[in-house]
1. Output the residue which, of all residues in the stretch 456-494 that are modelled with pLDDT under 95 and more than 27 Å from residue 116 (Cβ to Cβ), is surrounded by the fewest Cβ atoms within 10 Å (Cβ to Cβ).
2. I need a count of the residues in the stretch 432-444 that are surrounded by 13 or more Cβ atoms within 10 Å (Cβ to Cβ) and either over 26 Å from the mean Cα position of the chain (by Cα) or part of a helix (DSSP H, G or I) (or both).
3. Take the stretch 80-114 and flag every residue that is over 28 Å from the mean Cα position of the chain (by Cα) and loosely packed, with under 15 Cβ neighbours inside 10 Å.
4. Looking for something crowded, with 16+ Cβ neighbours inside 10 Å, in contact with a helix residue (DSSP H, G or I) (Cβ under 6 Å, 6 or more places away or on another chain) and under 17 Å from residue 509 (Cα atoms) - is there at least one such residue anywhere in the stretch 72-79?
5. Being closer than 27 Å to residue 81 by Cβ, free of Cβ contacts under 8 Å to residues at least 24 places away in the same chain and in the same structural domain as residue 120 (by TED's automatic domain parsing) is the requirement here; does residue 463 meet it?
6. Please go through (1) farther than 30 Å from residue 115 by Cα; (2) crowded, with 18+ Cβ neighbours inside 10 Å for residue 205 and return the number of the only condition it doesn't satisfy.
């Protein structure tokens, strides 16, 4: 006789759904592999539910869920004028979370406050783990590379950390659900995550947190009734962007050359009577000085050989020409590239150059300020010379230029879902771009990518799908939804968020979880019944 064991009562669709949500929250900042498993669990659990037909009916009655799903649908419609179906299917496969997650979450049991908070704790914990592990890797690796993350790309990790930061701040006020000690731990965790972003030099993540904080503070001030406190906080809010502007201006002034490359007071000879080379084709600006000015190669070689055993016609540690490394380094110190300038270098400077350090800026403490200086330097160099550095900032300017040109040629309906990749490959040569073919990428701006792919009608529908569900359900008064809406919309200015597995899953999952996954609204700061601490 066969004995069939009874399935435990706890092993039911609701608990499997909760497990899938928890695994998804763990995987978002840590593992693409677990991300796929979590989605498989959620999909499989939904498909084997005996009530699946009723769930389909409920989904098609749920207008906000349908509108979110329409982001996937418009890409399917884009197949109608696509010639490259192979790339189109690849793109649709990446965007499958926009199909599956709106259906699953909108038709599953809504989470109560306690369950939702505990799930957010899981997410905060996953981000803490990722930040601790990244910090360990950062300080134990041979070469200091702050802008690399071990699990997913830094920008995706920064977006997850931004959500976790604000979740930790909110939960740290929940007296009803957590002890004082644990709430202090949550607050400290958020502070650590913010510090971690500065450690990783994530300008995007830091900027997103600052802008989102300003929006939340503004809402808080609007709802305050005490005039004195309201005025003080309003002054503080205004002071933040003013301070940031002055800070960025000081960096810009420090980096920007005070005179054009060629000017009347440009000396023609060294102190030894040898002619200077002023080479405007030698692109570069270091600390407000032109790299191509005041160069005498003969004097450099003569004096360098007295100071170093490494020949100037060799390469440095990173494979760059040692001569160019020397010229950049001396420029960064404000020295002329002649015998007098080289003799002004210290033994430590000589060692730095031999090891491939091309600027004294590279010796500075690595933090957000250092990264901002690098960003401003890249932009100034691009504006002054048109030269594209092999870094993300100036490349994005070229990506955006290519995207805008594609939009101009395909204004109404776009290129179609599958032809957008080929459109970029054809546009860069047409633009005579300096970018090498292996960097002929898409715009790194989701709005431009959607516009170029689906035209003006697809773009307007995309904006509607992002904005309208929150209006329909009055969710812009909800702390978590508003925070995520701001984070996701800002991220799309500098990233093709929906064109990678990690990005599209991040967007689809949190949009649906915060929009339709809970049974209670978490009020914004400054509103009545704040933090549910009754």
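The values are calculated or read from the model by the stated rules, or taken from the named source; none is laboratory data. From a predicted model like this one, the values you see are computed outputs, not experimental measurements. Neighbour counts run over all protein chains shown; Cβ positions are idealised from the backbone, glycine included.
1. That would be 493.
2. Here the count works out to 1.
3. Of everything in the stretch 80-114, those that are over 28 Å from the mean Cα position of the chain (by Cα) and loosely packed, with under 15 Cβ neighbours inside 10 Å turn out to be 80, 83, 85, 86, 109, 110, 112, 114.
4. yes
5. So residue 463 passes the test.
6. All conditions pass for residue 205, except number (1).
A quick yes/no check of all residues on (1) modelled with pLDDT under 95; (2) outside any helix (DSSP H, G or I):
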{"site": "69", "(1), (2)": "no, no"}
{"site": "121", "(1), (2)": "no, no"}
{"site": "124", "(1), (2)": "no, no"}
{"site": "135", "(1), (2)": "yes, no"}
{"site": "144", "(1), (2)": "yes, yes"}
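Conditions (1) assigned by TED's automatic domain parsing to the domain that holds residue 478; (2) part of a helix (DSSP H, G or I); (3) in contact (Cβ under 8 Å) with a residue 24 or more places away in the chain; (4) under 21 Å from the mean Cα position of the chain (by Cα), marked per residue:
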| residue | (1), (2), (3), (4) |
| --- | --- |
| 177 | yes, no, yes, no |
| 181 | yes, yes, no, no |
| 191 | yes, yes, no, yes |
| 196 | yes, yes, yes, yes |
| 213 | yes, yes, no, yes |
| 219 | yes, yes, yes, no |
